[in-house]
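Working notes for the structure below.
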Amino acid sequence: MEGYCQTLIDAGFDTLARFATIHQGDLITLGVKLGHARAIIDAVRGRSATTWRSTVATLISLVETREKA
């Protein structure tokens, strides 16, 4: 699922504030599979399994690194 990270950053979800506003429809529009989109939203909202939280943590790390650059 980490393959979605660059897609999200390229789509403008490149700051923590923007990423926090992401919706399932945004993910679907970007080509994220429905089940993955639901899992990502749950992870963003803190309601998911550890695997998805890890994926979201990776994305957040990438965004934070970009913000510092």
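Worth a mention:
- Taking every residue in region 20-47 that is touching a residue at least 12 places away in the same chain (Cβ under 8 Å) and pairing it with any residue that is surrounded by 12 or more Cβ atoms within 10 Å (Cβ to Cβ) and among the aromatic types (Phe, Trp, Tyr), at least 6 positions away or on another chain, the pairs with Cβ-Cβ distances below 7 Å are Ile22/Phe13; Val32/Tyr4; Ala39/Trp52; Ile40/Trp52; Ala43/Trp52.
- Count - residues of region 7-48 that are under 16 Å from Val63 (Cβ atoms) and touching a helix residue (DSSP H, G or I) at 6+ places or on another chain (Cβ under 8 Å): 16
We did not get these values from a lab; they are worked out from the coordinates using the rules stated. Just so we're clear, the structure is a prediction, and the values are computed from it rather than from any experiment. A quick note on method: Cβ atoms are made from the backbone with ideal geometry, for glycine too, and the neighbour counts reach across all protein chains shown.
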